[in-house]
Amino acid sequence: MQQNIVFSEKALELQAIAKEIAEKYVRPHAAKFDKLQEYNHEAARAVADAGLFRTFIPKEYGGHGAGVLALALVAEELAKADSGFGVAFAVNALGSFPIILGGTEEQKKKYLPQIAAGDKFVAFCLSEKFAGSDASGLAVRAFDRGDHWEICGEKKWTTNGGVADIYTVFAVTDPNSKSRRISAFVVEKGTPGFEIKKVEDKMGIRCVPVVETHFDHVKVPKENLIGGRAGMGFKHAMMTLDYARPGVAAQAVGASQGAMDLANVYANRRQQFGVPISKHQMVQQMLANMSMHTEASRQLVYAAAAGIDENGPSPANSKMAAMAKCLAADVAMDVATDAVQVFGGYGYMEDYPIAKFFRDAKILQIYEGTNQIQRLVIARHMIREAAELEHLQAYIPLEIQEKYYEEEAAQA
Ligand code: CAA
């Protein structure tokens, strides 16, 4: 698929602002917030004050309307300094997309301006203990009680939970339906019965909370059903993930670049055998691979994001988003692994920032759809595309095989 990647002036401006904030408020404190497993409120405030939460919100609702490509550029810059902070930012887009893509006019007017201003943070509640990759297998229920909805159950791995004020929550409204089983709701912090329970103790991205959210007969106003129509939740979730995956993929590109930059600087300073280790060919090979693969994933991520900005939801963009997320996450893990290798024994210790890049990278291959699910999505699209490649059938005559089987049968 060919895709023009055009950076708007606004996108480049937002990228430059993000870079400045990352170096001033994020990188210097990354180790501290990682160790304490605490949220960097000061950096989030700086992001809000600089208008970066406006990036992905449409102009009509107080945003910059700068699109998914600009979101990717901002997430990448923040993640270069701290991958965890990159997702602390990008997850607000993930939580907002159900409203942007499927919300009613009233819901957009009510929630999006507050998100754009950075006054309210957002979280996305899809996964459950027994429903991760199988996103349609949810157990959390929402019951129609006439004048309100009532939500009961537990969600797992809610990134930004506790910090967020607005939660987009997916729940079963029609257990007997196959394709219209699920609906999405907005649940606000402080709603009685809605509680943050277990706060996870994580391997990486420790500066952003990941929690269990519990719903004990939570009364939700009728007008908080996203889109105003029950049964649209799974579609909204899938469309949201298509839009959000380039953002998390950009976080991965930032994580790759961040780890590679540290490894590059280290390789040029660390002396072994009387020369900087960057003079040794085996180290050069690692540096060169990091650079090639990071750049390749960056271009794919930008193309996926630009495609969404140009054409909106489509099967081609869904496939591109999955490819971008999968490749960029795998590259981030590989780059972080090699970057630790370049640092050698020092890389394994927490004295230098590179061990954190390694710990942070792993989740990229797991959340927003495991890389196995991305490959499944990609392959499903390919199987559909095969039907459009009819003209190639003439070059793959199956008669050869049929003849072989006929001969075998005759001999038997
Ligand atoms: N856009 C719109 N509609 C879509 C769609 C898309 N991309 N993909 C599927 N659909 C529709 C289908 O057309 C179908 O509609 P009909 O019933 O009307 O025909 C319906 O959805 C069901 O589709 P499938 O049969 O393909 O569904 P499935 O059960 O086989 O599952 C799946 C598909 C891709 C595996 C999906 O379950 C999935 O994406 N799983 C991964 C979930 C995930 O990514 N979770 C991440 C949580 S968020 C997170 O991790 C963030 C964080 O913390 C930071």
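Each value in this text was obtained by applying a stated rule to the coordinates, not by laboratory testing. Being a predicted model, the structure only gives us computed values, none of them experimental. Quick reminder, even Gly has a Cβ in these numbers, built from the backbone with ideal geometry, and neighbours come from all protein chains shown.
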message: Quick check: pseudo-label points 7 Å beyond the Cα along Cα→Cβ at Met382 and Ser136, how many nm apart are they?
response: 2.3 nm
Structure-based [θ]222 nm, the chain - -39500 (n - 2.57) summed over DSSP H runs of at least 4, per residue, nearest 500: -17500 deg cm²/dmol
Protection proxy ranking, peptides 91-103, 191-203, 113-125, 305-317, average beta carbon neighbours within 10 Å, highest first: 91-103, 113-125, 305-317, 191-203
field: For the chain, size of Cβ-based charge dipole, Lys and Arg +1, Asp and Glu -1, in debye
entry: 880 debye
Size of electric dipole in region 105-183: Cβ of Lys, Arg +1 and of Asp, Glu -1, about Cα centre, debye, nearest 20: 180 debye
task: Would you mind checking the radius of gyration and Dmax of the chain based on alpha-carbon positions, in Å?
output: 23.2, 80
query: In the chain, which whole DSSP H runs stretch at least 27 Å along their own axis (Cα) and average 0.5 or higher on the Kyte-Doolittle scale?
result: 83-102, 315-343
- prompt: How many nm is it between the label spots at Gln401 and Glu150, if each spot is 7 Å from the Cα in line with the beta carbon?
  reply: 5.6 nm
- request: Quick one, can you get me the convex hull of the C-alpha atoms of region 354-412 expressed as volume per residue in Å³?
  value: 182 Å³
message: Sort 211-223, 129-141, 375-387, 334-346 by the packing proxy (mean of other Cβ within 10 Å over each peptide's residues), most packed first.
response: 334-346, 211-223, 129-141, 375-387
